[in-house]
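**Student:** Questions regarding the structure given below will be posed in turn.
The values are calculated or read from the model by the stated rules, or taken from the named source; none is laboratory data. Note that the structure is a prediction, hence the values are computed from the model and not measured. Don't worry about glycine lacking a Cβ; one is built from the backbone with ideal geometry, like all the others, and counts go over all protein chains shown.
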Amino acid sequence: MATTDTAGSSFIDAGTETFWRANIALFSAAFATFAMLYCVQPLLPVLAERFRVTPTASSLALSIPTAALGIGIILASSVSEVSGRKHIMCWSLVIAAVLTLASAIATTWPEFLIARGLAGLALSGLPAVAMAYVSEEFNPRAGGLAMGLYIGGTGIGGMTGRLLAAFLSDVGSWRWALGTIGGISLVLSVLFWLLLPASRQFRPHEPSLRELVATGVGHLKDSGLLRLYVMGFLLMGSQVSLFNYITFRLMARPYLLSQTVVGVIFLVYVFGTASSAWAGNLVGRGSRNVLWITTAIMLGGVAISLVRPLWMVIASLAVICFGFFGAHTVASAWIGRRAKEGKALASSLYLFFYYAGASILGTATGKAWTGAGWAGVAAAIGVTLAIGLVVSVRLRRLPGLQLSSAG
């Protein structure tokens, strides 16, 4: 049964019907969001050839929407503090799905990037607001698991979007790939609207730019939150860099894999889904060691990726996914616990840094690929994660990560 706070309003507790309805809805929304966002990643070589751009320029198909998403998150989370959570997330999914369909019919590279950028901006209404919804509506002991399941949905959505896009591009075209993913996302947005319970803990705040700025500055001055923001930047920048350029590596000699086979390799994201639930459960129990351990696992996976046998390369991707999703789950859950006020803004700032890492490092690593091939990419990611490992070890002693009294 649901637990009750001192005011008598109920939180969503694990094992209840409401818990599973909310999690199915959030999983569906996460699936659609990240399928739309990442479906272009295995298509980068195809887009580079079709629009006659360089590998580094082709990465803008992902870097521009992630940058727009990161910027839009600040505005979307602020609006949700005034107008509520659910309808912001619903409209976010619908508009992004329509823009994904529009990108499928773009005839020039600028048109394509504009549609992708606007889709990324529209998607900004989902991630930060969903994290705030989880931190507000779920019992803290169930919140870690809920966050893990939500992030698992992001992993499966990203994986399926990549896999489906690669397959449809091979049997049809990249246009069919994006059109299909946009259509599926429209259906999932309806499912999300029907299943997600209305907010019970949300209390609207009067809009105040001064208060917003003061709260944001306060979050940035909090050394603990700032370290978590840095972790988001480093983790996501490393993950996107790796998967942006692994497609170029695997489609070139000595592997010469087809678009479909490269897409199938993204099934390694299943390991990330398992890691999210595992890490979320451990965070719910109060463990403080998961973040640095999962970051170290990522670093080990990058080292393995330097070998030549294909099966070892694929194994390294699975290891990296396992580490990444576990680390991201921990950092996401700790944001909600560390921030005592302005939780939606705290989450949106984390995601701003998170997607800034995807945009900046995801494109910048292209220079390493051009200059030194995969060895250059692995070296750049290795340095990034080594910094992350140092930061994550220091976060072990950060106060304010314990369960609240409501737990």
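**Student:** Would you confirm whether or not segment 87-104 contains a residue that is farther than 22 Å from K343 by Cα, in a loop (DSSP other than H, G, I, E, B) and in contact with a Gly (Cβ under 6 Å, 6 or more places away or on another chain)?
**Tutor:** Checking segment 87-104: at least one residue is farther than 22 Å from K343 by Cα, in a loop (DSSP other than H, G, I, E, B) and in contact with a Gly (Cβ under 6 Å, 6 or more places away or on another chain).
**Student:** Another question about this same structure. I'm trying to understand the selection: among the residues of segment 305-348, which are among the hydroxyl-bearing types (S, T, Y) and within 30 Å of P204 (Cβ to Cβ)? Before you say what the answer is, go through the steps one by one.
**Tutor:** To start, the set of residues in segment 305-348 that are among the hydroxyl-bearing types (S, T, Y) comprises 305, 316, 329, 332, 347-348.
Listed by number, the residues that qualify are T329, S332, S347, S348.
**Student:** Could we say that G357 is crowded, with 18+ Cβ neighbours inside 10 Å and in contact with a Phe, Trp or Tyr (Cβ under 6 Å, 6 or more places away or on another chain) here?
**Tutor:** Details: crowded, with 18+ Cβ neighbours inside 10 Å: yes; in contact with a Phe, Trp or Tyr (Cβ under 6 Å, 6 or more places away or on another chain): yes.
Here the answer is yes, as G357 does meet what is asked.
**Student:** Something else now. Which condition does V171 not pass, out of (1) more than 27 Å from A333 (Cβ to Cβ); (2) modelled with pLDDT of 95 or more; (3) not hydroxyl-bearing (S, T, Y), if it passes all the others?
**Tutor:** (2)
**Student:** Among the residues of segment 299-312, which ones are of a type in the set (A, V, I, L, M) and more than 23 Å from the chain's Cα centre (by Cα)? Let's see the steps before the verdict.
**Tutor:** Keep residues of segment 299-312 that are of a type in the set (A, V, I, L, M), which gives 299, 302-304, 306-307, 310, 312.
Within segment 299-312, A303, I304, L306, V307, L310, M312 qualify.
**Student:** Is there any pair linking a residue in segment 370-399 that is closer than 20 Å to W334 by Cβ and touching a residue at least 60 places away in the same chain (Cβ under 8 Å) to one that is small (G, A, S) and not in a helix (DSSP H, G or I), with Cβ under 8 Å and at least six apart or on different chains, and which?
**Tutor:** From segment 370-399, no pairs qualify.
**Student:** Looking at segment 59-88 only, could you name the residues that are more than 14 Å from S359 (Cβ to Cβ) and polar (S, T, N, Q)?
**Tutor:** Applying the first criterion (more than 14 Å from S359 (Cβ to Cβ)) to segment 59-88 yields 74-88.
Once the filter is applied, which keeps residues that are more than 14 Å from S359 (Cβ to Cβ) and polar (S, T, N, Q), segment 59-88 yields S77, S78, S80, S83.
**Student:** I've got another one for you. Quick one: how many residues across segment 175-213 are in a helix (DSSP H, G or I), at pLDDT 90 or above and not polar (S, T, N, Q)? Give the steps one after another, and end with the answer.
**Tutor:** Taking segment 175-213 first, the residues in a helix (DSSP H, G or I) are 175-195, 209-213.
Those still in the list that are at pLDDT 90 or above too: 175-195.
Restricting the remaining residues to those that are not polar (S, T, N, Q) gives 175-179, 181-184, 186-188, 190-195.
Within segment 175-213, residues that are in a helix (DSSP H, G or I), at pLDDT 90 or above and not polar (S, T, N, Q) number 18.
**Student:** Those residues that are of a type outside the set (A, V, I, L, M, F, W, C) and within 14 Å of the chain's Cα centre (by Cα), I need them from segment 216-240; list them, please.
**Tutor:** Step one: list which residues in segment 216-240 are of a type outside the set (A, V, I, L, M, F, W, C), which gives 216, 218-219, 221-224, 227, 229, 232, 237-239.
Y229, G232, G237, S238, Q239, listed by residue number.
**Student:** Next question, about the same structure. Here is a list of conditions, (1) under 27 Å from V187 (Cβ atoms); (2) out of contact with any Phe, Trp or Tyr (no Cβ under 9 Å at 6 or more places or on another chain); (3) in contact (Cβ under 8 Å) with a residue 24 or more places away in the chain, and A130 meets all of them except one; can you say which number that is?
**Tutor:** For A130, the exception is condition (2).
**Student:** Return yes or no: is S135 among the small types (G, A, S), part of a helix (DSSP H, G or I) and more than 22 Å from V270 (Cα to Cα)? It would help to see each step written out before you state the result.
**Tutor:** Details: among the small types (G, A, S): yes; part of a helix (DSSP H, G or I): yes; more than 22 Å from V270 (Cα to Cα): yes.
Yes: the conditions hold for S135.
**Student:** Please work out which one of (1) in a helix (DSSP H, G or I); (2) of a type outside the set (A, V, I, L, M, F, W, C); (3) closer than 20 Å to H87 by Cβ is the condition G157 fails and give its number.
**Tutor:** (3)
**Student:** Of everything in segment 180-215, what is under 22 Å from the mean Cα position of the chain (by Cα) and over 27 Å from F138 (Cα atoms)? Give them in sequence order.
**Tutor:** T180, I181, G182, G183, I184
**Student:** Let me ask something else about it. Tally time: how many residues in segment 112-127 are assigned to a helix (DSSP H, G or I) and either touching a residue at least 60 places away in the same chain (Cβ under 8 Å) or over 22 Å from Y355 (Cα atoms) (or both)? It would help to see each step written out before you state the result.
**Tutor:** The initial filter retains those residues of segment 112-127 that are assigned to a helix (DSSP H, G or I), namely 112-123, 127.
Filter once more, so that each one left must be either touching a residue at least 60 places away in the same chain (Cβ under 8 Å) or over 22 Å from Y355 (Cα atoms) (or both): 112, 116, 119-120, 123, 127.
Residues flagged as assigned to a helix (DSSP H, G or I) and either touching a residue at least 60 places away in the same chain (Cβ under 8 Å) or over 22 Å from Y355 (Cα atoms) (or both) within segment 112-127 amount to 6.
**Student:** Do the conditions hold for A61, that is, is it closer than 19 Å to L121 by Cβ, modelled with pLDDT of 90 or more and either out of contact with any Ser or Thr (no Cβ under 8 Å at 6 or more places or on another chain) or charged (D, E, K, R) (or both)? Working first, answer last.
**Tutor:** Working: closer than 19 Å to L121 by Cβ: yes; modelled with pLDDT of 90 or more: yes; either out of contact with any Ser or Thr (no Cβ under 8 Å at 6 or more places or on another chain) or charged (D, E, K, R) (or both): yes.
Yes, satisfied.
**Student:** Search segment 68-82 for residues being more than 16 Å from the chain's Cα centre (by Cα) and β-branched (V, I, T), and hand back the single one that is modelled with the lowest pLDDT.
**Tutor:** Top of the filtered list is V82.
**Student:** Keeping to segment 262-306, report how many residues are in a helix (DSSP H, G or I) and surrounded by fewer than 16 Cβ atoms within 10 Å (Cβ to Cβ).
**Tutor:** Let us first name the residues in segment 262-306 that are in a helix (DSSP H, G or I), namely 262-284, 290-304.
Subsequent filtering for residues that are surrounded by fewer than 16 Cβ atoms within 10 Å (Cβ to Cβ) retains 281, 300, 303.
The qualifying residues number 3.
**Student:** Further question: Quick check: anything in segment 346-365 more than 24 Å from S58 (Cα to Cα), among the aliphatic types (A, V, I, L, M) and at pLDDT below 95? Outline the logic, then answer.
**Tutor:** Applying the first criterion (more than 24 Å from S58 (Cα to Cα)) to segment 346-365 yields 346-350.
With among the aliphatic types (A, V, I, L, M) added as a condition, the list becomes 346, 349.
If we keep only those that are at pLDDT below 95 too, we end up with 346, 349.
Scanning segment 346-365, I find at least one residue that is more than 24 Å from S58 (Cα to Cα), among the aliphatic types (A, V, I, L, M) and at pLDDT below 95, so the answer is yes.
Conditions tested, residue by residue: (1) in contact with a Gly (Cβ under 8 Å, 6 or more places away or on another chain); (2) aromatic (F, W, Y).
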| position | (1), (2) |
| --- | --- |
| R141 | yes, no |
| R162 | yes, no |
| W174 | no, yes |
| L191 | no, no |
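**Student:** Checking L149 against (1) within 21 Å of F324 (Cβ to Cβ); (2) buried (at least 24 other Cβ atoms within 10 Å of the Cβ); (3) among the aliphatic types (A, V, I, L, M), which test does it fail?
**Tutor:** Just one mismatch for L149, condition (2).
**Student:** Of the residues L242, L267, L188, L250, which is in contact (Cβ under 8 Å) with a residue 40 or more places away in the chain, under 29 Å from R394 (Cα atoms), of a type in the set (A, V, I, L, M, F, W, C) and in contact with a Leu (Cβ under 8 Å, 6 or more places away or on another chain)?
**Tutor:** None of the other options fit; the residue is L242.
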